[in-house]
2 protein chains.
Amino acid sequence: MPRPSEPTRARIVQAASALFYSEGIRRVSVDEVAAKAGLTKRTLYYHFKSKDDLVAAYLAARDQPNLALFRTWFAEAEGGMPAKVEAIFRNLARSARHPKWKGCGFLRTSAELANMPGHPAIRIGAAHKKKFEDWLRTTFAEQGIVDPLKLARQILLLLDGSFAVVLLHRDASYMETAGEAARALIETALTKPGRKRGSRK
Amino acid sequence: MPRPSEPTRARIVQAASALFYSEGIRRVSVDEVAAKAGLTKRTLYYHFKSKDDLVAAYLAARDQPNLALFRTWFAEAEGGMPAKVEAIFRNLARSARHPKWKGCGFLRTSAELANMPGHPAIRIGAAHKKKFEDWLRTTFAEQGIVDPLKLARQILLLLDGSFAVVLLHRDASYMETAGEAARALIETALTKPGRKRGSRK
DNA sequence: TTGTGTATATTCACTGGTTAGTATACATAC
DNA sequence: GTATGTATACTAACCAGTGAATATACACAA
């Protein structure tokens, strides 16, 4: 902990995160990141072996906080399962109305690096989405839903669709529409075939 | 028509389209586009006033063919309304399995240029998605669905969610999951509240 | 306590390559 | 001989990554 200078590395990642998210990966130079972090490019290259490495660190740092935020929104919402999922979309719509909001960093990065299939940043993004899907699937399974994986993927599709559409149209109300669709799909899954053990937590 | 040299311009747009789609906007230089089109950069700048202008032309050229493709998939599918919409997702999944597939050019471009809100290419992308939404809304309205706009937007969210998720995970089966979700939402809208006039065209 | 070696951490200055856009001249057709 | 197109050659800036030197902190010996 003392030698590998953790605070410096963290400050670099923080600067990279702000710039990459708001300007895009290829638009931002390594010099800009170093300047924003208050040090030289050469120092940055001491902590990261390449720009690609820095991009990967940028997304890796966003993984856990992002998931925690979704879990908090879910947990703090009143009501049953559909209401709790809908709350995620409602909170997301609130975030998306801020002018600095630029969509999902994971999706935007993978869109920008789509020509480099094996890029570490894309793998980190895919793992992030998979974790979210797994969390939803587990949650649905605990409610006795018959095909929790399918429902989890449908919610994920609506969520990522929201990110894409709202980024293009700059109209956050699409996220509330997505929330309604999620509610409808959950209710269908709850009432149609399987047994259910109760809808309140 | 004779003087403004339409074929040359079209050849440039074709070259730009291939490169921008497969490599990304900022990754591809104007020189590369000119070389692929078989002419000099200076000639390219005679036909387009800037790279941004070229990017806009790239997306504008994809607008009508893309919509026509969706309409064809819809029209040629057997069965009622849900089956016809599901056919779009099924055909999309088939396209997405080709290794050269790189998602939706409109979404990827707007993700890459998210830091330039008023960019002409983003406006063209937004107009494209709006046209698709309008077409769906009109089609649903003809079926007597009570809130055709809401349903059209929900389908759009699933479609764009498919583009995003499949690009990240490289697993086209998500598109079939999205098709199932679309079917469920359409059936809910058809049977729940409104009057319906028949489900076959 | 003090000197010395060593791994960690940081900087300056540079390279080789790329890029959007342009000044100028030449060609071709009517 | 004038409009429209095309090419050569250039600029000024930017950019990822590196070589060489230096500063700092700590371990250990005298």
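The values are calculated or read from the model by the stated rules, or taken from the named source; none is laboratory data. Keep in mind it's a predicted model, so treat the numbers as computed, not measured. With ideal geometry, Cβ positions are generated from the backbone for all residues, glycine too; neighbour counts draw on all protein chains shown. Side chains are part of the model used for accessible areas, which takes the heavy atoms of the whole protein and leaves out ligands, DNA and RNA. Shrake-Rupley method; radii C 1.70, N 1.55, O 1.52, S 1.80 Å.
So is residue B:42 open to solvent by 30 Å² or more (accessible area, probe 1.4 Å), in contact (Cβ under 8 Å) with a residue 24 or more places away in the chain and not β-branched (Val, Ile, Thr) or not?
Considered against the rule, which asks whether it is open to solvent by 30 Å² or more (accessible area, probe 1.4 Å), in contact (Cβ under 8 Å) with a residue 24 or more places away in the chain and not β-branched (Val, Ile, Thr), residue B:42 comes out as no.
Please name all residue pairs, on different chains or six or more residues apart, with Cβ atoms under 8 Å, provided the first residue is in the range B:150-166 and is among the aromatic types (Phe, Trp, Tyr) and the second residue is open to solvent by less than 10 Å² (accessible area, probe 1.4 Å).
B:163/B:103
Test residue B:123 against the criterion of being closer than 30 Å to residue A:26 by Cα and within 17 Å of the chain's Cα centre (by Cα), and give yes or no.
For residue B:123, the condition - closer than 30 Å to residue A:26 by Cα and within 17 Å of the chain's Cα centre (by Cα) - is met.
With A:70, A:74 as the choices, which residue is of a type outside the set (Val, Ile, Thr), open to solvent by less than 40 Å² (accessible area, probe 1.4 Å) and either within 13 Å of another protein chain (Cβ to nearest Cβ) or within 20 Å of residue B:169 (Cβ to Cβ) (or both)?
Just a single option satisfies the conditions, and that option is A:70.
What residue, among those in the range B:1-52 that are in a helix (DSSP H, G or I), within 14 Å of chain A (Cβ to nearest Cβ) and under 22 Å from the mean Cα position of the chain (by Cα), is nearest to DNA strand C (Cβ to nearest atom)? Don't jump to the end; show me each part of the working.
Going residue by residue through the range B:1-52, those that are in a helix (DSSP H, G or I) are B:6-23, B:30-37, B:41-47, B:51-52.
If we keep only those that are within 14 Å of chain A (Cβ to nearest Cβ) as well, we get B:18-23, B:32, B:51-52.
With the extra rule that they be under 22 Å from the mean Cα position of the chain (by Cα), the set shrinks to B:18-23, B:51-52.
Values: B:18: 16, B:19: 11, B:20: 11, B:21: 16, B:22: 15, B:23: 10, B:51: 4, B:52: 7 Å.
So the residue we want is B:51.
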